[in-house]
Every structure is written in C-alpha cells, then in structure tokens.
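One structure below.
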Amino acid sequence: SAGRGGARQGKMAAGGAADAQARFGHSVKGLLTEKVTSCGTDVIALTKQVLKGSRSAELLGQAARNMVMQEDAILHSEDSLRKMAIITTHLQYQ
C-alpha cells in the first residue's frame, strides 16, 4: 500500500511538472506573439514616417524650385522697371 501511494505521488509530481511546463510554454508563446505584434506595429509606423519624410523632402525641393522661378521673375520685373524709368526720363527731356 505504501509502495503504491509513493508511485501515485511520483506520477502526480511528474504530471504537475508537465502541467507547469505546458503553462510556461503557453505564456512564452503568448509573450512572443505580443512582441511580434508590437514589432509589426512599430515597423508599420516607421514605414509611414519614412514615407512621410520622403514626401516632405520632395515638397521642400518643389518649394525651393518654385522660389527660384519666382526670384527670376522678380529680378526680370525689376530690370524691366529700371529700363522703363530710364525711357520715361528720356521722354521727359524730349
């Protein structure tokens, strides 16, 4: 009787250890799943930020080109005004 009780306790201890190991494995799987999901979310956010940054750089380049074009137009207008002022002065002398 004592021998059988000891065997039963051994089986229960082994069963308890296997159960604890299964629970541990399950919690590790859960943690890994959470981490993978979190990393995936972070990668998506990073990708969106990089795309937004490249779009910003593109818009900045376009704005710089527009400014150069406007600067040229302003310089041309200034030159034309100077020439018209000279012509006006000549016409006034005549």
With 5 Å bins from 0: P(r) over segment 54-93, alpha-carbon pairs, percent | 5, 23, 12, 14, 11, 8, 9, 6, 5, 4, 2, 1
Given Cβ charges of +1 for Lys and Arg and -1 for Asp and Glu, the option among Gly61, Leu32, Gln49 whose Cα lies farthest towards the positive end of the dipole of segment 29-83 is Leu32
In nm, spacing of pseudo-spin labels at Ala63 and Thr88 (7 Å Cα→C-beta vector) = 3.6
If you add up the charges near Asp72, with Lys and Arg at +1 and Asp and Glu at -1, over every other residue whose beta carbon is less than 12 angstrom from its beta carbon, what do you get?
-> -2
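Readers should treat all values here as calculations from the given coordinates under stated rules, not as data from a laboratory. Being a predicted model, the structure only gives us computed values, none of them experimental. Please note: Cβ atoms are built from the backbone with ideal geometry, for glycine as well, and neighbour counts cover all protein chains shown.
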